[in-house]
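The structure appears below as C-alpha cells.
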Amino acid sequence: MEPERPESALFERWLDGDTRAFQELFTLLSPTVLAIARRYGLRDAEAKDVVQQTFLGVHRARADFRRGAPVRPWVVTIARNVVRDHLRRHYVRREDALELDGPIEPRVEAPEYGVPTSEALLGWAGQALAKLPEAQRRVIELHYLEGKSFADVGKALGCSEGAARVRAHRGYETIRAWLLDPTAAGLPDPFA
C-alpha cells in the first residue's frame, strides 16, 4: 500500500475542522502551483494571483472532494484551469487565436520581449506553426489553441495520449530553436 502523502493528511485534517491544516496545505502546495503558473509564462504578480485563485477554488470545492483520493493531482488540475481561465481573459481572445491567417487582437505587451509589435510576434508564431510537420502542428493546434486535453487530442488524431504529448514537445522545441535562429527555418527575424 502506498504511504499517505503529507498533503492528504493535511487535507483530511482541514476537512475535519483544523483550520491551521489549510495554511500548512497552502505552504506545502503553493510552490507547485506557482511553478505551474510560471511554466505557462505568467509574470510574478500574475503567478501569485493564480496561486491565490487556486486555493480559493480548493476551498470552494472541498465539499466535492472524494475523501481518500489523491490531493495533489486535484489541486494541480484546479491550478491549470485557473491558469487557462486567466490566459483566456487577459491575453488572446480564443476565437482570434484560432484564426492564424486573420487579424489577431493581441493583449501581450511586446516591447518587454524586445519585439517591435505584438502583431509581429504573433504573425511570426503563425508562420512557424505552419512550417511544423503536420503531426506536430495538429497536436499544438488542438491542445494549445483549442484547449483540448492530450487524451482528447490523441483520440482525435488516432494516437495515444503519450504520443500526442511527445509530438507537442517536439513541436515546441522546434519553434524555440527557430526563435533562436529563424533564418535556419527560412523565417523572418521577429526581433529585427
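Ratio of Rg to Rh for the stretch 121-169, alpha carbon only, Kirkwood? Intermediate results must be reported in sequence, preceding the final value.
Working: Rg = 10.6 Å, Rh = 10.7 Å.
My calculation puts Rg/Rh at 0.99.
Report, in debye and to the nearest 20, how large the dipole of the stretch 112-185 comes out about its Cα centre when Lys and Arg carry +1 and Asp and Glu carry -1 on their Cβ. Let's see the in-between values first.
Values: 9 positive and 9 negative charges, 60 e Å.
Approximately 280 debye in magnitude.
Lysines within cross-link reach of residue 131: Cα-Cα under 24 Å, excluding same-chain residues under 8 positions apart? Counting by Cα, and skipping residues close in sequence, residue 131 has these lysines nearby: 148, 155.
Projecting label points 7 angstrom from Cα along Cα→Cβ for residue 63 and residue 169 puts them 4.1 nm apart.
Values quoted throughout were computed directly from the atomic coordinates according to the rules given, and no laboratory measurement underlies them. Only a predicted model underlies this, so the values are computations on that prediction, with no experimental measurement involved. Heads up, the Cβs are rebuilt from the backbone with ideal geometry, glycines too, and the neighbour counts pull from every protein chain shown.
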